[in-house]
Amino acid sequence: MTGVIEAAAEAYSRRAAFYRVEYDERRDIGFFLSLIEAGKTDVLEVPCGAGRLTVHLARKARHVTAVDLEPTMVRSLESFVQAEGLSDKVTARAGDMTSLCLPRPVDLVIVPSEALQLLPKPAGRTALATLMDQLKPGGCMVIDLALFTGPTAGTPDYFDPATEGSRWCPQWVRPLPDGGTLGRSVRFRRESDCCVFDFSYEITGKPGTPTARFCEEMVLFHYGAEWFLQNLPQSVATLSFRSGYDGTGPALAGQRLIVTLHKSVE
């Protein structure tokens, strides 16, 4: 279990410097903000990445504890939070969602954008129980999953059924803050219990600087409603599913699965 978790963290270390450029997802922000009572909700976001979602949560919540397994990502988040003037609203720390223990429980736990799927299911079961322990009685945990089903591309942005196979498929080129550019290509393959995504990056700097190229692998395990029903911690009072951020459509028929768990008040 530990080896898989460490491998996932290592894959993100090199991406921390440009992660907010690469991971420019915004569709989930309004949904997560709707779960927060302004100035009153204490939030745990895990993993937090480089702060893409964290800064939005911090502007509305009373406080956000932002946790990521990769220390380089945490340092990037801290710089971002400071630049946004939100240092007093955010506590950033390196930590593992399978063994996390906060000094004080929170009202809301957010596990965003396929994050639980980085873990094989035995570790996922441990993480689920561990994160429920971080909630106050009556608190809520929300887990955002991709199902990788159907023909539709873009949910998440690196998933496109047309990229399945051995051929690299260019996705985009985006500007970097230093004037360079970041380009990404992707390919993926399906296995019985997971999808394996390969990313190829090309970073160009200012004129006269060399171009950097490297590849990373990301393994995302399949989680569905049945798994949650079979692995609920005893502290869970209610469990519900929705198909996306806007809540429209059949609960188990979309490209995404949003899982909400409420902790017992006892």
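The table that follows gives values for the structure above.
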| quantity | calculated |
| --- | --- |
| Given (1) open to solvent by less than 30 Å² (accessible area, probe 1.4 Å); (2) within 30 Å of Ala237 (Cα to Cα); (3) in a loop (DSSP other than H, G, I, E, B), number of the condition Gly154 does not satisfy | (2) |
| Residue in segment 178-201 that is farthest from the chain's Cα centre (by Cα), counting only those that are touching a residue at least 24 places away in the same chain (Cβ under 8 Å) and open to solvent by 40 Å² or more (accessible area, probe 1.4 Å) | Gly179 |
| Scan of segment 232-255 for residues that are open to solvent by less than 40 Å² (accessible area, probe 1.4 Å) and modelled with pLDDT of 90 or more, ordered by number | Pro233, Ser235, Val236 |
| Given (1) within 22 Å of Arg27 (Cα to Cα); (2) open to solvent by 30 Å² or more (accessible area, probe 1.4 Å); (3) at pLDDT 95 or above, number of the condition Pro161 does not satisfy | (3) |
| Selection from segment 166-177 of residues that are open to solvent by 40 Å² or more (accessible area, probe 1.4 Å) and not in a strand (DSSP E or B) | Ser166, Arg167, Trp168, Pro177 |
| Residue match in segment 217-229 (condition: assigned to a loop (DSSP other than H, G, I, E, B), within 27 Å of Ala16 (Cα to Cα) and either at pLDDT below 90 or among the small types (Gly, Ala, Ser) (or both)) | no |
| Scope segment 63-102; condition in a helix (DSSP H, G or I) and open to solvent by 20 Å² or more (accessible area, probe 1.4 Å); matching residues | Pro71, Thr72, Arg75, Ser76, Glu78, Ser79, Phe80, Gln82, Ala83, Ser87, Asp88, Lys89 |
| Checklist (1) at pLDDT 95 or above; (2) farther than 23 Å from Asp133 by Cα; (3) not in a helix (DSSP H, G or I) applied to Arg59, failing item | (3) |
| The lone exception for Ala115 - which of (1) crowded, with 18+ Cβ neighbours inside 10 Å; (2) of a type outside the set (Val, Ile, Thr); (3) in contact with a strand residue (DSSP E or B) (Cβ under 7 Å, 6 or more places away or on another chain) it fails | (3) |
| Matching entry among Ala83, Ala129, Ala94, Ala115 (being under 16 Å from the mean Cα position of the chain (by Cα) and either within 22 Å of Glu25 (Cα to Cα) or touching a residue at least 40 places away in the same chain (Cβ under 8 Å) (or both)) | Ala115 |
| Scope segment 38-56; condition within 15 Å of Val111 (Cβ to Cβ) and assigned to a helix (DSSP H, G or I); matching residues | Thr54 |
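The values are calculated or read from the model by the stated rules, or taken from the named source; none is laboratory data. Quick caveat, the model's predicted, so the values are computed rather than measured. So basically every Cβ, Gly included, is an ideal-geometry build from the backbone, and we count neighbours across all protein chains shown. In case anyone asks, the SASA skips ligands and DNA or RNA and just uses the protein heavy atoms, side chains included. Shrake-Rupley method; radii C 1.70, N 1.55, O 1.52, S 1.80 Å.
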